[in-house]
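The values are calculated or read from the model by the stated rules, or taken from the named source; none is laboratory data. Computed from a prediction, not measured in an experiment: that's the story for all the values here. Positions of Cβ are backbone-derived with ideal geometry, glycine not excepted, and every protein chain shown enters the neighbour counts. The area values use the complete protein model at the heavy-atom level, side chains included, leaving out ligands, DNA and RNA. Shrake-Rupley method; radii C 1.70, N 1.55, O 1.52, S 1.80 Å.
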Amino acid sequence: MTPPTLPEALILMGREAFEAQFDAQRLDRLRSLATLGDPVWTGDLDDSGLAERLASVQVLLTGWGAPRLTASRLERMPLLQAMFHCAGTIRPHVTEEFWERGVLASNAADANAIPVAEFAFAAIVMAGKKAPFLAAAARDRRDVAVDAFGGLGNLARTIGIVGFSRIGRKVVQLVQQLEDVHCLVSDPHADPLEVAAAGAELVELDEMLPRLDVLSLHAPQLPSTHNMIGANELAALPPHATVINTARGSLIDTAALERECASGRLNAIIDVTEPEPLPAGSVLYDLPNVMVTPHIAGSLGSELHRLTDGALDELARFVRGEPLRAELSRDDLLLGA
């Protein structure tokens, strides 16, 4: 059997991302799947010295810090056939010209969904015990009452998931570990049978909110989802409910959340904010019933290698002439992929 012809590859991402995601082991694997010229990686497609290198590139492995693939940049890569993204969404990197050229694209969003779902599930469990809030309050006074932020416990709680995305699905599945939990999902695009099979019930957002102990957001950032959780939606939540956001800061009206949390009526665990980072004077930093983390739910540290491995798996399928498992289309981006 004749071995497949290896494509010419270039890694395109920021230096920090490259050094975190491509260790010696993964570079060796890449060399077994593709021909690597010099340079192996770059974060700057506009370097005039790259003309000859780009002219032969057939596949790109992209990631955080990669430039947008504009028409002028694509013209420098006439042989480009595929882009394997070692991260989540490719939306910031592709253009209409990219799709018109028929370049294949895939991302590692499935792999990136794993740590986000794990973080969200951990936040749900901690919210049930009010652990982050009690710990913060204890720094100021040692005699804080355990019920200062609402009732405790994870038994028979109602959890609301907004967005039955790849992350939302995983959170629904993880939540099933809690005893007698009732999980609700709100997503206009979700199939009720698929939601039920995952262990949840599909309902409208306005029906969901008054029933919740915890609201966890997993919707994409789209014009239609901007500030989807505003003053009215927050007011519909029961007292002492916890809002968890590991998706996009723009899903929540920040000023409305500040008012609700400052009043003590709601609690929050937020890993993403609008703006990001929050202004230094935001009340959310200092409230004991709010935990703010610096966008750490997604892949970091050792988890980044999972993304690289996923992209290399896709490259291996491409080399073998097999269909990609995470192939993306222009329409997928419209739905938030």
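Okay, here's what the table says:
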{"item": "Options V185, V172; residue that is part of a helix (DSSP H, G or I) and either at pLDDT below 95 or in contact with a strand residue (DSSP E or B) (Cβ under 7 Å, 6 or more places away or on another chain) (or both)", "result": "V172"}
{"item": "Top-ranked residue in region 264-292 [being β-branched (V, I, T) and open to solvent by less than 20 Å² (accessible area, probe 1.4 Å); ranked as nearest to F84 (Cα to Cα)]", "result": "V272"}
{"item": "Flag if G298 is over 18 Å from the mean Cα position of the chain (by Cα), open to solvent by 10 Å² or more (accessible area, probe 1.4 Å) and within 25 Å of A135 (Cα to Cα)", "result": "no"}
{"item": "D140, sole failed condition from (1) open to solvent by 50 Å² or more (accessible area, probe 1.4 Å); (2) at pLDDT 95 or above; (3) closer than 30 Å to H240 by Cα", "result": "(2)"}
{"item": "Test: A108 is of a type in the set (A, V, I, L, M, F, W, C) and closer than 30 Å to V57 by Cα", "result": "yes"}
{"item": "Identity of the residue in region 109-137, in contact (Cβ under 8 Å) with a residue 60 or more places away in the chain and open to solvent by 50 Å² or more (accessible area, probe 1.4 Å), that ends up farthest from the chain's Cα centre (by Cα)", "result": "M126"}
{"item": "So S165, is it in contact with a His (Cβ under 6 Å, 6 or more places away or on another chain) and open to solvent by 10 Å² or more (accessible area, probe 1.4 Å)", "result": "yes"}
{"item": "Criterion violated by V171 - all others in (1) open to solvent by less than 10 Å² (accessible area, probe 1.4 Å); (2) farther than 18 Å from I269 by Cβ satisfied", "result": "(2)"}
